[in-house]
Amino acid sequence: MAGKPLFTSGEGEYHTYRIPALLTASNEVVLAFCEGRRSSARDHGDVDLLCRRSTDGGATWGPASIVYGDVPWTAVTDGNPCPVHDRETDTIWLPFCRDNRDVLVTASVDAGRSWTDPVAVTATAKAPAWTWYATGPGVGVQLCHGEHAGRIVIPCDHGGPTVSDGHRPDVSSSHMLYSDDYGQTWHRGEPIHPHTNECQVVERADGSLLVNMRNHLGRRGGQPGRAGRRLVATSEDGGESWSEIHTDEKLIEPACQASMISAEPDDPGDTLVFANPACENDRRRMTVRRSDDGGETWMDGTVVHDGPAAYSSMTILPDGNVGIMYERGNDDWREELYFDSVTLAALE
């Protein structure tokens, strides 16, 4: 399958397209979500949540449609998509944020052709002391193993005083948003702090969860650890609480979002796939890697774009290959959202 740009900045009604989320639903349907930033590339402004659909496993794509957006040319940011496919009800749940303050959830029961009116879940998703909030971006997971099988888990992050030992309010922390009743009610897990940020989560063969997080240790200072390496932690209770964080020395980063998925999403084992701009000082060199031991070690992988590159999202396509949508360009990583696929064998 040849790679292709799915969203090109400046085309259509939008100045810039950013923040990819890629999801495989049922019947070879693949959905590509992003933010359409109408007036500028800035994180906040007139931003709509967009989607393109493929009904043939990513070979061809339909036009972009608005999943949710406020009145055009008003400075309201609707974004940070983090969808998950609920296999038991064949529902796509799509948590997202409004102005990085409110948390909303919409859903589709027809593989992304239409969406329900969003329901606000801010009261349970966000602690009163938290300031900004971000779902994902990327994708969530539905657990398959153990006592929490069926649970939907959405990786998130937030800003605010998460503990009482003097952390400044602008320190960010990752956490999980989860549902045990197929998206009817939502609950938040404990913060994974401090200086963690955008994250992705996977279930492993033993039922434990692994979270991989953007590293802000070097940004805020005053904490032990090594900047320029991804942060990781594990959970034994379905994402409600987490181990101490540590750095993964193999996974270098320039402080940027990354993506991580299980290679066997319907029955998770210990084969994982990870993608990020593998460069310590610059957002470039998008690299996709594989782990066969639940993220304990990672292979060197393959570089899918050696130039400017930033955020990404991955999915297992109906043909078994890894689909990836990522921000890239020749001069700037905001130029386009590009879709490509690689085989698992190519990641050794």
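Screening the candidates PRO277, PRO268 for the property of being over 15 Å from VAL141 (Cα atoms) and crowded, with 22+ Cβ neighbours inside 10 Å yields one hit, PRO277. Residues that are within 27 Å of VAL202 (Cα to Cα) and of a type in the set (Gly, Ala, Ser) within segment 60-117 comprise GLY79, ALA107, SER108, ALA111, GLY112, listed in sequence order.
The residues in segment 77-119 that are farther than 15 Å from ARG53 by Cβ, in contact (Cβ under 8 Å) with a residue 60 or more places away in the chain and assigned to a loop (DSSP other than H, G, I, E, B) can be counted, and the count is 6. Of the conditions (1) within 19 Å of SER259 (Cα to Cα); (2) assigned to a loop (DSSP other than H, G, I, E, B); (3) of a type in the set (Gly, Ala, Ser), SER39 fails just one. Which one is it? If we test SER39 against (1) within 19 Å of SER259 (Cα to Cα); (2) assigned to a loop (DSSP other than H, G, I, E, B); (3) of a type in the set (Gly, Ala, Ser), just (1) comes out false.
Scanning for something touching a Gly at 6+ places or on another chain (Cβ under 8 Å), modelled with pLDDT of 95 or more and not in a strand (DSSP E or B), does segment 44-57 turn up at least one residue? For segment 44-57, residues touching a Gly at 6+ places or on another chain (Cβ under 8 Å), modelled with pLDDT of 95 or more and not in a strand (DSSP E or B): present. Put simply, of ASP206, ASP170 the only residue that is acidic (Asp, Glu) and either at pLDDT 85 or above or in contact with a Leu (Cβ under 8 Å, 6 or more places away or on another chain) (or both) is ASP206. The criterion of at least 1 residues that are hydroxyl-bearing (Ser, Thr, Tyr) and under 26 Å from ASP56 (Cβ atoms) is met by the following strands (runs of 3 or more DSSP E) wholly inside segment 223-338: 259-262, 302-316, 322-328. Restricting to segment 12-47, what's the tally of residues that are out of contact with any Lys or Arg (no Cβ under 7 Å at 6 or more places or on another chain), acidic (Asp, Glu) and either on the phi > 0 side of the Ramachandran plot or buried (at least 17 other Cβ atoms within 10 Å of the Cβ) (or both)? Count: 1.
Would you be able to say whether some residue in segment 95-115 is closer than 17 Å to MET314 by Cα and either at pLDDT 95 or above or not charged (D, E, K, R) (or both)? Within segment 95-115, not a single residue is closer than 17 Å to MET314 by Cα and either at pLDDT 95 or above or not charged (D, E, K, R) (or both).
Just to be sure before I move on: is SER164 over 17 Å from the mean Cα position of the chain (by Cα), over 17 Å from GLY136 (Cβ atoms) and modelled with pLDDT under 90 in the structure I sent? In short, yes. Scan segment 120-143 residue by residue and report those that are within 26 Å of MET314 (Cα to Cα) and surrounded by fewer than 19 Cβ atoms within 10 Å (Cβ to Cβ). Within segment 120-143, TRP132 is the sole residue that qualifies.
Conditions first: (1) closer than 12 Å to ILE252 by Cα; (2) surrounded by fewer than 20 Cβ atoms within 10 Å (Cβ to Cβ); (3) in contact with a Leu (Cβ under 9 Å, 6 or more places away or on another chain); (4) not β-branched (Val, Ile, Thr). ARG285 passes all but one, so which condition is the exception? Exception for ARG285: condition (3). In segment 111-159, the residue that is nearest to SER65 (Cα to Cα) out of those that are touching a strand residue (DSSP E or B) at 6+ places or on another chain (Cβ under 9 Å) and charged (D, E, K, R) is ARG113. Counting only residues that are farther than 20 Å from ARG284 by Cα, surrounded by fewer than 21 Cβ atoms within 10 Å (Cβ to Cβ) and either over 17 Å from the mean Cα position of the chain (by Cα) or of a type outside the set (Val, Ile, Thr) (or both), segment 295-336 holds 7 of them.
When you look at THR124, is it hydroxyl-bearing (Ser, Thr, Tyr), outside any strand (DSSP E or B) and modelled with pLDDT under 95, yes or no?
On the way: hydroxyl-bearing (Ser, Thr, Tyr): yes; outside any strand (DSSP E or B): yes; modelled with pLDDT under 95: no.
So THR124 fails the test.
Scanning segment 14-36 for residues that are touching a residue at least 40 places away in the same chain (Cβ under 8 Å) and over 24 Å from MET260 (Cα atoms) yields a single hit, THR16.
The values are calculated or read from the model by the stated rules, or taken from the named source; none is laboratory data. Note that the coordinates shown come from a computational prediction; the quantities given were computed from them, not determined experimentally. As a convention, Cβ positions derive from the backbone with ideal geometry for all residues, glycine included, and neighbour counts pool all protein chains shown.
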